Amino acid sequence: MIDTATYGLAGLWPCYSCCREFWIPSLANFGPHCLGVVGHIPVWISLLAFVLHYALVWFDPWRPIWLRNITAEKGEARFQSHDQEEAGAIHDESFEDTPLLPRRGAVSVSPKKIWTRWTLCLLVLNLTGALISIFGAAMAHQNPTEIQLHLIPLIPNVLSVLLILVDRPRTVRRSLFIIAATLLFFQLTITTLAPDAIGTTWKCFTTWGAGGCVTLTSIVVMLNMPLRDPLLSSSKIGKPFAKPESSVRSPEDIVTLWQWMSVSWMAPLISTACKRQLHDKDVWLLASDFQHQTLHLLFRDLTGTVFVRLLKANGLDIIMTTCLGTFETLAELSEPVLLKQLLNALMSEIPAIRAAVVYASFILIARVLKAHSAVFKIWYERRNYERSRGEMITMIHDKTLRRKAFTIAAEVSTPSSQTSTLFGDENDTLEDINNEDAEPSQPWSLRSWVRGVYQAFKHRSVAPSQREKEAPASTGKILNLLRGDVYEVAQRFWEASTLITKPLSVVFSIVLLWKILGSASLYGILVIGVGMAVNYYMTGLLKRVEKKRRTTTDVKLERTSQFVESLRHLRWYDWQDRWLGHIMEIRQKELFQRVKSNVVDRSINVINNITSYMFPVVGFAAYTLILHRPLTVDIAFPALGLFTMLQNNLRDLPSLYTSLTNARVAMRRIEDFMLEPDKDDNEDDETATPPPPFHQSNLEISIRNASFSWPGSDTTVLDNISFVCEPGLTLVCGKVGIGKTALLQAVLGELDQHSGEKNAPAEMTGYCAQMPWLESMSIRDNILFSTPFDEARYWQVLRACCLVEDLRKFKGGDRVLIGENGTGLSGGQRARVALARAVYSRSRILLLDDPIAALDHQTAETISRNLFADQNSPLTAGRLIVLVTHRVDIVQQYAYQVLDIVPGGQVKTFNRREIAEHEKELEAQAATTPESSPIAESSTSQKTEDSSSEEEAELETVAGKFIQEEHRVHGGVMATVYWQYVKAGKLSWWATMVTLCLLIRMINLGYNWFLKEWGEQYRKSTELGDRPLILISHPDSQAGGIIEPRRYLPPPGENVRPWLICLVIIALVQVLFEALSDLALIAIIYNAGKSLFAKAMRCVTNATFRFYDVTPVGRLMNRLTSDMGTIDGQIATQVLTLAFYSLGWMTSMFVIATATPVFIIPSVGTTMLFVYLYGRYLPASQDLRRLETVSLSPLMSNFGTLLEGLTTVRAFRAEPHFQNRIIATTDDFQKMDHIYWSLQAWLQYRFDLVSGLSVYALTLTAIIHGLSSGMIGFVLAAAANFVESTHQVCRRYGDMQMQFVSVERIIELLSLEQEQANTDNPPPAGWPSCTDDIVFDKVTLRYAPEFDPVLVDMSLVIPGGSTVAVTGRTGSGKSTLAYALLSTIQPDAGTGGQIRIGSVDIAKVDKHILRRHITFVAQDPVLFAGTLRDNLDPLDEHSEDERAQVLKTVLNNGFTLDTRVDGGGKNLSQGQRQLVGLGRAILRRSAIVIMDEATASIDVETATYIHQLLRMELRHSTVITIAHKVEAVKDADFEIVLDKGRVIKAGRRVPKS
């Protein structure tokens, strides 16, 4: 027992003043009288942890939001007993009740403390440890030091017992784990370094060992405790090691600490991927901390700028990653310090083997701790990145729902704004690029490069104009914000810790170098200062070049987007090649900007390399020449390790600055977008009340003395208007482009109001746009539009809108998918589905913008009668309906008032009495009576409900062909993909780059060998254990005489200058070769990007029209933008890095095999283990990356769809639905990325452990074999290089595979089925002429071989020069006939059918010439961003006078050739767009002109004038008119009537007497 009388309590307290040397480096042990002090370390740490545990509880209520996890779980507890349920309460466990590492945050717990098996186990273990500690002290032989050491575990165990008794934790506590881990480390340290201090008897050793086992068991228990309160419900969370499913959340929500630390919860997914391809159903949902529904709502409520809100939402993650990154930095910097001690221990006359082993063990411990820290850091970094990206995506989407719908950005900017067209730069921000890029095909021109640099410096202070800053974001820019800028900012949040750790690592490296080299390191710091000063100016240049590149990319993106969206129409006119040429021009400018950016970036890298390589040279020179000290091995290699770390960090600092600069630009763009004005009367949809029942009488829309303009324009479109609308039908009419649509937009609040008063109910409005907007989903889902399904009402709506017969012909009925914007439906069917959506809604207000324009007379009349004739109709009774139409004759009888919009933006109001008085005035806008219509004549024998036509069979075919699932390759990227990329980058450049990489690696090896030789020359005698390196240092070998520098240089002790000169030469040669490899890399990036983009665009341009039917625009744009951006970015760098590390692996293996042959077998084993782990990782990583790429397409498509139908969405108050949908899409996209990076953490953790153990084993092997300190330093450098290279080869190969998925997707475009252009078969000169007959000879047409025919056995002859009327019911195949004349659909080969113009079979003639001589005017003409001049004559084939004359005759309403047109013609009405399309036909005067409902949206007066004009201007053409309106075909001399895909009538029309 302890004799306290002899020693007293003071004898148990160590003497701190006696501990004069805490650690003796040469012995690798604690100094005398210091063991007691060492023993108090776990005591003080335990006390600190205990105090902080409860102190932070007090601090928690004052904790700022940036120190909280905003997505902490709340209120989900499901207690096991009724009384626990009643006692349940929300309790924020925050700091005091938080798991060790990922904080699960605020959870529901019971205030009544509950004992679990884990809690009881920990309590028993800590009590046992305390008792063992007391017993061990009693067994000590009256030795104060022994007694002190045995009593040390007592206090930590007692404190742990107190914590357990008070808290009864059900999850891991940081405080408990820190206490146990500190105590175990202390026990292991004393056991290995000072076993004699424990005692001399077996009892002492036994009790000490038992105490250590108890502590270890406590840690094992805590490692297996859950991180989330087990009382919380986990029914929706996947179980660890259970089969992965997409119906449950990720298991990381309920994993244990060990499962989370080792990422072992990923095992089921990895096993599944090794057996088969992963699908979406195999990937868990996002964990609770990552789900965007909660994130969006919480982020929306934060205040401040976007950047401040991001900091508030993710501040805790930034702090955690910074702390963990700092710990990793310290662990990494400890390695060269420990290596110095290891080499120093071996340099003594009698090598201190034990000390060397101790330091090697410390290095292993540092690497293991760093490996675990890396897992934690990746998790927090990933959360920081994913949450910030998701927050910004949902925020931008939410802003888009609220912002003003600017129709054209140019209206608020000067002609030099960012608005781009497909025709030219229009004096935009690319003017400087045009000046610099005189020879775009020669990007390596020194003259152009110098001029570019000069211009960049010259204009460095020029700020963007105020006009440019005020220009609203275009569609292309918004998509670029989502795809590019959001990623740029989120990536900086991922790397937020580097803002601290990189500079900190630089500072610590310099401090440690000072410790090793002394004041000589200051000279090296001067080199760093000079390099950083030069790089400061270079990074400024890079910022300006990169900003210009981004502007160019924005323009290219918008042009590409417009091109892809309009490609079908462009090919109808054969304009695609010219437009593709414009895109390739801007692509060339973008590539040149990328070359400049890469050259500047690589120049920074060269300066950085010179700085990094000259830093050690200058430091060594000062150390040897100024301080006159020998550069021994124990100085050279640790210093070299620090130099390498410093070099890597210095390399990262410029890129870090560049990244921050890019992120700042991106952040500013996002901030500017968020500051754009919102829609004035935007309501909070979540607080909006549902509309009152229809019978309420307070329904009214009134506008008094109000003036409106389009958003961003000062020109009023409606001036001083006044009217009142009440329940019933209000008819709106007026000439084309007069402002009818603007009036509806004004009611919806989409226009800027300048004066007057507007009162409209702030509730849902059933809006039907003039251009029907439908989503890529089923007909039923489009009609329901996220409202509940009422079967009776649904079928009432279908019957009223004459859709029943159409649906019966679809294989899927109303469940059939209709494609992007209803591509699978005819124009009339799209209009009726959009009308049905408005009518089905429960809104009291219906705003209908000419939904009957595209319908045949009988269908339009029937729908009008069904909806408006019965005032007590359950579909329209009590509703306020405003209908815009030109077909006044059909609906006038049902209206109680008419609003006639007249020139000047005025509104005239006619009530029911005035309608009768002004009947003649209104009839001027009506068509001829339906009895005179040939269409009516051809269909009077059919009833409306039973009049389904043959085109409905066409729809059955067409509807099933859309929404093809995106192709996803299984397994690794095929070798052909790599070969295609290599060829695109030019084989000569690849060979140059690989050769330079090999030379760089050889020089790097020579650099280390040279330092080894230099350091060993200070030894006066050769060590017996020094085995010369075979073929390198063997004195008898011929090669050795060449490589060994000591044979040619004087001893460094006598003259060190030759050694320094050689070191300088080696360093400069390495810099030179790295610079040359960078230039080769830039050349590869340029050539590959140029070649692949050009090939992909050509293949997409010339693909069959079937490809456009089955491929959504968003999916295609994802490949041409996101995937192409990847090719322009890091792919070539990944290949270069892989080659570099592969060569490093081979050279390292060669060094290890020759220096320590015994380790060659373990090295091979290590490599095989790396390959095995990587083989487990690769299948899952490939599948996840492909799934992520595929899931990105819906995100972009949904966003593009929203931008097109924004007015409809806001009218229906459907913003919450669309916001929730984008949230769900973001979840689907980000879960792939989240699980992928979890997989990366799984691999990295195992790689790091294998790397640390391999280097440790090699170090012990080298020490045991008695190699000299110089050889050990050289071998350890090679070993570290071997492990790092093996690690990086696997990692980089995987990264390269993932990057090459983008190449794979681009290569897939190169294999698209191409249309047979028949360019080798030109037609006769002068073909076609207006006298050529058009012959359909037994023609059967279908859209795809697997579909039913659309037109069957069609035979007829259209006389040349005739005016042809093609009539038939909606969906009868009329448009298919037009497509056949354009040769976009070919007759069935099996029927032998032909379509001939004159004597020429159009299936065999040159398609370009055919379409160049046929003009097709579609019902929905596509206009392009630019001017009216560009839209009328894109190929610049006509004179200015001809264009001006056509514009004057067709669109003479204040328009000029310079009038701006927004993309898609959004700033023009539908009627005006149709007039522009007709103007094209008049300007081209083709021999054959086809008009498909080309005047459907034009008022009667204007249409009558246009038809007279067409008859005069196209009198020398064969004109084929597809129309429902009588006036459009009343003067036709040839008639074709179609029904059910067959020709009912074809022949000369007999005029009626």
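A quick yes/no check of all residues on (1) at negative phi; (2) open to solvent by less than 10 Å² (accessible area, probe 1.4 Å); (3) polar (S, T, N, Q); (4) at pLDDT 90 or above:
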{"position": "Ala834", "(1), (2), (3), (4)": "yes, yes, no, yes"}
{"position": "Ser843", "(1), (2), (3), (4)": "yes, yes, yes, yes"}
{"position": "His857", "(1), (2), (3), (4)": "yes, no, no, no"}
{"position": "Ile863", "(1), (2), (3), (4)": "yes, yes, no, yes"}
{"position": "Leu867", "(1), (2), (3), (4)": "yes, yes, no, yes"}
{"position": "Asn872", "(1), (2), (3), (4)": "yes, no, yes, no"}
{"position": "Leu883", "(1), (2), (3), (4)": "yes, yes, no, yes"}
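Within the range 806-829, residues that are under 22 Å from Leu1206 (Cα atoms) reach partners that are open to solvent by 20 Å² or more (accessible area, probe 1.4 Å) and hydroxyl-bearing (Ser, Thr, Tyr) with beta carbons closer than 7 Å, at six or more positions or on different chains, in the pairs Gly819/Ser776; Glu820/Ser776.
Can you tell me which residue is farthest from Pro153 (Cα to Cα) among those in the range 224-247 that are of a type outside the set (Val, Ile, Thr), open to solvent by less than 60 Å² (accessible area, probe 1.4 Å) and without any contact (Cβ under 8 Å) to a residue 40 or more places away in the chain?
Ser246
Within the range 563-574, residues that are without any contact (Cβ under 8 Å) to a residue 24 or more places away in the chain and in a helix (DSSP H, G or I) reach no partner that is of a type in the set (Val, Ile, Thr) and open to solvent by 10 Å² or more (accessible area, probe 1.4 Å) with beta carbons closer than 6 Å at six or more positions or on different chains.
Conditions (1) surrounded by fewer than 22 Cβ atoms within 10 Å (Cβ to Cβ); (2) of a type outside the set (Gly, Ala, Ser), marked per residue:
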position	(1), (2)
Asn1220	yes, yes
Thr1226	no, yes
Tyr1256	yes, yes
Gly1266	yes, no
Trp1327	yes, yes
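Among the residues of the range 1186-1214, those identified as open to solvent by less than 10 Å² (accessible area, probe 1.4 Å), in a helix (DSSP H, G or I) and farther than 23 Å from Ser271 by Cβ are Ser1193, Leu1195, Phe1199, Leu1202, Thr1208, Val1209, Arg1210, Ala1211.
Yes or no, residue by residue, for (1) farther than 30 Å from Arg1460 by Cα; (2) touching a Gly at 6+ places or on another chain (Cβ under 6 Å):
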residue: Val1352; (1), (2): yes, yes
residue: Gly1368; (1), (2): yes, no
residue: Ile1385; (1), (2): yes, no
residue: Ala1425; (1), (2): no, yes
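Residues that are open to solvent by 60 Å² or more (accessible area, probe 1.4 Å), farther than 17 Å from Ser1302 by Cβ and among the hydrophobic types (A, V, I, L, M, F, W, C) within the range 976-1004 comprise Leu987, Trp989, Val994, Leu998, Leu999, Met1002, listed in sequence order.
Every residue, every condition in (1) in contact (Cβ under 8 Å) with a residue 60 or more places away in the chain; (2) under 16 Å from Ala1546 (Cβ atoms); (3) among the hydroxyl-bearing types (Ser, Thr, Tyr), yes or no:
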residue: Asn1321; (1), (2), (3): yes, no, no
residue: Ile1334; (1), (2), (3): yes, yes, no
residue: Ser1355; (1), (2), (3): yes, yes, yes
residue: Gln1386; (1), (2), (3): no, no, no
residue: Val1400; (1), (2), (3): yes, no, no
residue: Gln1419; (1), (2), (3): yes, no, no
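Return a yes/no flag: does the range 490-498 have any residue that is more than 23 Å from the chain's Cα centre (by Cα) and of a type outside the set (A, V, I, L, M). Looking through the range 490-498, none of the residues is more than 23 Å from the chain's Cα centre (by Cα) and of a type outside the set (A, V, I, L, M).
Pairing each residue of the range 134-152 that is at pLDDT below 75 with any residue that is surrounded by fewer than 18 Cβ atoms within 10 Å (Cβ to Cβ) and not β-branched (Val, Ile, Thr), provided the two are 6+ apart or on different chains, yields C-beta distances under 8 Å for Gln142/Asp3; Gln142/Tyr7; Pro144/Tyr7; Pro144/Gly11; Pro144/Leu12. Criterion first (in contact with a His (Cβ under 9 Å, 6 or more places away or on another chain) and small (Gly, Ala, Ser)) does Ser1238 satisfy it? Here the answer is no, as Ser1238 does not meet what is asked. When we screen Ile703, Ile670 for residues that are at pLDDT 85 or above, of a type in the set (Val, Ile, Thr) and under 31 Å from the mean Cα position of the chain (by Cα), the only hit is Ile670. In a residue-by-residue description of the range 1399-1412, the property of being under 23 Å from Thr1101 (Cβ atoms), outside any loop (DSSP other than H, G, I, E, B), open to solvent by 30 Å² or more (accessible area, probe 1.4 Å) and not charged (D, E, K, R) applies to at least one position.
The residues of the range 294-331 that are surrounded by 16 or more Cβ atoms within 10 Å (Cβ to Cβ) and either of a type in the set (S, T, N, Q) or within 20 Å of the chain's Cα centre (by Cα) (or both), listed by number, are Thr294, Leu295, His296, Phe299, Val306, Leu310, Asn314, Thr321, Thr322, Thr326, Thr329. Being under 29 Å from Ala55 (Cβ atoms), open to solvent by less than 10 Å² (accessible area, probe 1.4 Å) and more than 45 Å from the chain's Cα centre (by Cα), is that true of even one residue in the range 161-181? The answer is yes, given that some residue of the range 161-181 is under 29 Å from Ala55 (Cβ atoms), open to solvent by less than 10 Å² (accessible area, probe 1.4 Å) and more than 45 Å from the chain's Cα centre (by Cα). Only one of Ser1285, Ser1251, Ser1302 is over 24 Å from Ile365 (Cα atoms) and either open to solvent by less than 10 Å² (accessible area, probe 1.4 Å) or modelled with pLDDT of 80 or more (or both). Can you tell me which? Just a single option satisfies the conditions, and that option is Ser1302.
Restricting attention to the range 186-201, the residues that are under 18 Å from Val158 (Cα atoms) and hydrophobic (A, V, I, L, M, F, W, C) add up to 1. Taken over the range 752-771, residues that are in contact with a helix residue (DSSP H, G or I) (Cβ under 6 Å, 6 or more places away or on another chain) and either within 15 Å of Arg1210 (Cα to Cα) or not in a loop (DSSP other than H, G, I, E, B) (or both) amount to 6. Residue check: is Asn782 in a helix (DSSP H, G or I) and either within 24 Å of Phe1455 (Cα to Cα) or touching a helix residue (DSSP H, G or I) at 6+ places or on another chain (Cβ under 9 Å) (or both)? Answer is yes for this residue. Among the residues of the range 124-144, just one is within 17 Å of Gly39 (Cα to Cα), crowded, with 19+ Cβ neighbours inside 10 Å and polar (S, T, N, Q), namely Ser133. For Ile586, the conditions (1) open to solvent by less than 10 Å² (accessible area, probe 1.4 Å); (2) within 20 Å of Gly1114 (Cβ to Cβ) all hold with the exception of (2).
Among the candidates Asp1430, Asp1458, Asp1420, which residue alone is farther than 21 Å from Arg1515 by Cβ, open to solvent by 10 Å² or more (accessible area, probe 1.4 Å), touching a Gly at 6+ places or on another chain (Cβ under 9 Å) and in a loop (DSSP other than H, G, I, E, B)?
Numbers: Asp1430 fails: in a loop (DSSP other than H, G, I, E, B); Asp1458 fails: touching a Gly at 6+ places or on another chain (Cβ under 9 Å).
Within the list Asp1430, Asp1458, Asp1420, the selection yields Asp1420.
Of the residues examined, Gly828 is not one that is part of a loop (DSSP other than H, G, I, E, B) and modelled with pLDDT under 90. Kindly evaluate Cys121 against the criterion of being crowded, with 16+ Cβ neighbours inside 10 Å, modelled with pLDDT of 90 or more, farther than 21 Å from Val51 by Cα and touching a helix residue (DSSP H, G or I) at 6+ places or on another chain (Cβ under 8 Å). In short, yes.
From the list Thr206, Thr215, pick out the single residue that is under 25 Å from Val43 (Cα atoms), in a helix (DSSP H, G or I) and either of a type in the set (Lys, Arg) or open to solvent by 40 Å² or more (accessible area, probe 1.4 Å) (or both). Walk me through it before giving the result.
On the way: Thr215 fails: either of a type in the set (Lys, Arg) or open to solvent by 40 Å² or more (accessible area, probe 1.4 Å) (or both).
Exactly one residue qualifies, and that residue is Thr206.
The values are calculated or read from the model by the stated rules, or taken from the named source; none is laboratory data. Everything numeric here is computed off the predicted structure, so don't read it as measured data. Cβ atoms come from the backbone with ideal geometry, glycine included; neighbour counts cover every protein chain shown. Heads up: the accessible areas ignore ligands, DNA and RNA and are worked out on the full protein's heavy atoms, side chains in. Shrake-Rupley method; radii C 1.70, N 1.55, O 1.52, S 1.80 Å.
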